[in-house]
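The block underneath contains the structure these notes are about, expressed in structure tokens.
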Amino acid sequence: MSDNKVNLESLPLRFLERLELIIPSENIDEVKKSFIEEPVTTFRVNTLCTSVDKALNDLKHSDIEIHNVSWMEQAYWVDPNDRDKLMDTEVYRKSEIYLQNLSSMIPPLLLDPRPGEKILDLAAAPGSKTLQMACMMQNKGEITAIEVVRKRYYKMLDNVEQQGAKNIRIYNANGESIWKRFAGQYDKVLIDVPCSTEARFRVDDKETYRYWSMRKIKEMVRKQSRLLYSAIQSLRVGGTIVYSTCSFAPEENEGVIDRVLKKFGSSIEIVPLSLPVSNTQNGLGSWKKKNYNPSVVDSLRILPDHTMEGFFVCKMIKRGLTR
């Protein structure tokens, strides 16, 4: 434990102090370990290109021990030492499996896109969740994917083509204003917003936390709030939104949701969540001296462990007009 403490000292001190206030005391050591230990490699079978049975059968010849994920039929994990070996298989080269963290798979599962529905994915690149939704929809229906950064947009175009998705339309556009074009058109919206990426900090990689600061968090909050507003305005009445981040910061999570509830009142309703994993924490009811709307506690923070990154998720339903 002393070695861990020394290693953690390379992370921003204020970040660590805030973390102690956010995470329950019984979970804090496990969360801190996630900044040090290498996680397992997780993937899902790309059912647009193959079946689960065929993919697993083909992987039998790779000399890699494959472990199943109990709560998702298409998801599996391997030892981190087998990551390169997995990426060297024919199954991977043919895009029949897709490397994706298990926490990243949760938002699409909560949104539950169905074949034939019309889905909006804001800030979509590189397309992990977008492609997962295409699998869930069996390539039927329509997914509109928005990405403002041109380089990431082109990367997503290639990714979608390689993965065999046919129902995704990608726009190089600003998600903050896209609602003016698509107001009230979508059945469901996924909004995995740009964030301070606190859950991806690694003590052995200074680039993961080099730019962290309270100023950066405030900058992200402004962007997140505008994106969530756009998501709500793009949704039809009765539709569903799932908001997610890979940050621990309450300002980027509960705070953004609280602001939306204040703005739109009863037109937006938070849906209580129940996930098939135990490493979760209910949303905070308050942060520092600020009390949040009581329903914000129905959101969830996924706490990192050896298989999952830290994540925040909140599911909402649009109950009335928001203009």
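The values are calculated or read from the model by the stated rules, or taken from the named source; none is laboratory data. Not measured: the values here are computed from a predicted model. Here the Cβ is made from the backbone with ideal geometry for all residues, glycine too, and neighbour counts use every protein chain on show.
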When segment 66-77 is examined, which residues are found to be over 16 Å from Glu90 (Cβ atoms) and either in the same structural domain as Asn139 (by TED's automatic domain parsing) or touching a strand residue (DSSP E or B) at 6+ places or on another chain (Cβ under 6 Å) (or both)? His67, Asn68, Val69, Gln74, Ala75, Tyr76, Trp77
Hey, does segment 46-65 have a residue that's assigned by TED's automatic domain parsing to the domain that holds Thr89, under 26 Å from Asn279 (Cα atoms), out of contact with any Leu (no Cβ under 8 Å at 6 or more places or on another chain) and of a type in the set (Asp, Glu)? yes
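Assess whether Leu261 counts as being crowded, with 21+ Cβ neighbours inside 10 Å and under 24 Å from Ile106 (Cβ atoms).
So Leu261 fails the test.
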Quick one: in segment 261-306, of everything that is outside any loop (DSSP other than H, G, I, E, B) and among the small types (Gly, Ala, Ser), which residue is nearest to Ser230 (Cα to Cα)? Ser267
From the list Arg18, Arg14, pick out the single residue that is under 22 Å from Ser103 (Cβ atoms), charged (D, E, K, R) and either at pLDDT 95 or above or assigned by TED's automatic domain parsing to the domain that holds Phe248 (or both). Arg18
Return yes when Ile64 is without any contact (Cβ under 8 Å) to a residue 40 or more places away in the chain and either within 22 Å of Ser103 (Cβ to Cβ) or surrounded by 13 or more Cβ atoms within 10 Å (Cβ to Cβ) (or both) and no when it is not. yes
Could you list, ordered by first residue, the pairs with Cβ atoms under 8 Å in which the first is in segment 125-145 and outside the structural domain of Asp187 (by TED's automatic domain parsing) and the second is assigned to a strand (DSSP E or B) and of a type in the set (Asp, Glu), at least 6 apart or interchain? none
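Here is a list: Gly184, Gly175. Which entry is surrounded by 23 or more Cβ atoms within 10 Å (Cβ to Cβ), in contact with a Leu (Cβ under 9 Å, 6 or more places away or on another chain) and part of a loop (DSSP other than H, G, I, E, B)? Reasoning before the result, please.
Values: Gly184 fails: surrounded by 23 or more Cβ atoms within 10 Å (Cβ to Cβ).
Step by step, each of Gly184, Gly175 is checked, and only Gly175 is surrounded by 23 or more Cβ atoms within 10 Å (Cβ to Cβ), in contact with a Leu (Cβ under 9 Å, 6 or more places away or on another chain) and part of a loop (DSSP other than H, G, I, E, B).
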